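Chemist: So that we are looking at the same thing, I have put the structure below in C-alpha cells.
The values are calculated or read from the model by the stated rules, or taken from the named source; none is laboratory data. The shown structure was predicted, so the numbers you read here are calculated from the model rather than taken from an experiment. Every residue, glycine among them, receives a Cβ derived from its backbone with ideal geometry; neighbour counts consider all protein chains shown. Just so you know, the surface numbers come from the protein's heavy atoms only, side chains and all, with ligands and any DNA or RNA stripped out. Shrake-Rupley method; radii C 1.70, N 1.55, O 1.52, S 1.80 Å.
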Amino acid sequence: RPILEVNDLKKHYIDSTGIVNRIRSAKPDRVHAVDGVSFTVSRGDTVGIVGESGCGKSTLAETLVGLKKPTSGNATLFENDIHEWVDQNRKRFARNVQFVFQDPSSSLDPKMTIRELIREPLEVHNVGTKDHQNGLVEDTITKVGLSVDQLDRYPSEMSGGQRQRVGIARAIVLEPQLLVLDEPTSALDVSVQAQILNLLNEIQEDLDLTTLIISHDISVIRYLCNKVLVMYLGKVAEMGTTENIFNNP
Ligand code: ADP
Ligand code: ADP
C-alpha cells in the first residue's frame, strides 16, 4: 500500500488581495490554490514537486502535513485520514511527518540554543528521559555534519548553511517516515547549496526516508528525486519518473 494517497484534494483561499483572480479569472473571491489533486506516494519514493510560482506547491505540502485544512477531497497518510489529522490527532501522527522550511533564519527561535532547538521536538512528543533526549540530540547533530561543541551556540552565531543543517536536524531527530521539504536550498548561498544537497541525499539513504521536495530548481530535483509531480494552476499537469519527465519534454 502507498504511504500517501491523495484523492481530488482541494484547498481554496479567500482572495484578500483581489490580485490573484484578475490573473487567473476564477471565481471572483476565491483562489483555487490546490484544485483537485490526486496522486500516490510509495515507501522510499523521493518526489519532487515542481511548477511555476503560485501554482500551489506550498499549499499542497502544507495541507498534506496538517498545517492547513483542506477545503474538500481526501488524503490518507499511513492509512490515517487527513481530516482527522488536522482536527484532533495532528500531534499523535506528526511524529511520522516532519517539515523542513525554506528559510532556517525565520523558523529557528533566536533565543534558543542549538541543543534546545533540536531537543524541542523530542520534548513535544515526550520521547524518553532527559538523558536519552540529550543522547539523541548529540547523535543527530553529527548526522547533519555539525559537531557536539556547536550545541551551545545560538542560531545567530551560525552561517546560513549551518542553520539549515539545524533545521534538518530538528526534522529528523524524531526519525519520521515522511519528510517534506519546501525549497530547502533556495535561501542559501550557491556555494553551500551543494553541501546541503549532499547531506539530504545521505539522509534519505541512511534513514530510509520517503520525501516530498518542493523546488523550482530542476538540478535539485534531478539530484534528489526519483519521481516528479508537475503542478500547473493548482492541478497535477504530469507525474512520472524523473527520467521520463525531464527527458521527454
Ligand atoms: P511561497 O510561494 O514561497 O510559499 P508566497 O509568496 O506564495 O510564498 O506566500 C507568502 C505568504 O503569503 C504565505 O504565508 C502565503 O500563505 C501568503 N499569501 C500568498 N498569497 C496570498 C494572498 N493572495 N492573500 C493572502 N495571503 C497570501
Ligand atoms: P507556490 O508554492 O507554488 O508558489 P502557493 O501554494 O504559495 O504556490 O500559492 C498558490 C496560490 O494561492 C497563489 O495564487 C497564492 O497567492 C495563493 N495563496 C497562498 N496562500 C494564500 C493565503 N493565505 N490566502 C490567500 N491566497 C493565498
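Chemist: How much FRET efficiency would the formula 1/(1 + (r/R0)^6) give for S159 and E138, where r is the Cβ-Cβ distance and R0 is 25 Å, rounded to 0.05?
Modeler: It comes to 0.75.
Chemist: Relative contact order for the chain: what percent, with Cα pairs under 8 Å and sequence separation of 6 or more?
Modeler: 26
Chemist: What does the net charge come to around S159 if you take all other residues with beta carbon closer than 12 Å to its beta carbon, with K and R at +1 and D and E at -1?
Modeler: For residues surrounding S159, the net value is +1.
Chemist: For helix 160-172, report the angle its Cα long axis makes with the longest principal axis of the Cα atoms of the chain; keep it between 0 and 90° and round to the nearest 10°.
Modeler: Around 80 degrees separate the two axes.
Chemist: Taking the Cα centre of the chain as the origin and placing charges on Cβ (Lys, Arg +1; Asp, Glu -1), which of A194, N134, M112 is farthest toward the positive end of the dipole?
Modeler: M112
Chemist: Local charge sum around T76 (other residues, Cβ-Cβ under 12 Å, Lys/Arg +1, Asp/Glu -1)?
Modeler: -3
Chemist: Could you check the simple spin-label distance between E238 and E52, using points 7 Å along Cα→Cβ, in nm with one decimal?
Modeler: The answer from the label model is 1.6 nm.
Chemist: Cα gyration tensor of the chain, axes a ≥ b ≥ c as square roots of the eigenvalues: rounded (a/c below 1.5), prolate (a/b > b/c) or oblate?
Modeler: Verdict is prolate for the chain.
Chemist: What net charge is computed for the residues neighbouring Q150, neighbours being all others with C-beta under 10 Å from the C-beta of Q150, Lys and Arg scored +1, Asp and Glu -1?
Modeler: 0
Chemist: Only bridges with both residues in the chain count here: give the DSSP antiparallel percent, nearest 5.
Modeler: So the antiparallel bridges in the chain amount to around 55 percent.
Chemist: Rounded to a whole number, what % of the accessible area of the range 165-218 do carbon and sulfur atoms account for, probe 1.4 Å?
Modeler: 41
Chemist: Residues of the chain: accessible area per residue at 1.4 Å, in Å²?
Modeler: 48
Chemist: First measure r as the distance between the Cβ atoms of H125 and F246, then evaluate 1/(1 + (r/R0)^6) with R0 = 45 Å and state the FRET efficiency to the nearest 0.05.
Modeler: 0.75
Chemist: Let me ask something additional. Given the -39500 (n - 2.57) contribution per DSSP H run of 4+ residues, what per-residue ellipticity at 222 nm results for the chain, rounded to the nearest 500 deg cm²/dmol?
Modeler: Result for the chain, helices only: -10500 deg cm²/dmol.
Chemist: To test your reading of the geometry: what angle, between 0 and 90 degrees and rounded to tens, separates the Cα axis of helix 130-143 from the longest principal axis of the chain?
Modeler: In the chain, helix 130-143 runs at an angle near 70 degrees to the longest axis.
Chemist: Checking the cross-link filter: which aspartates and glutamates have an alpha carbon closer than 18 Å to that of K130, excluding same-chain neighbours under 8 positions apart?
Modeler: Correct list for K130: E116, E120, E138, D139, D152, E175.
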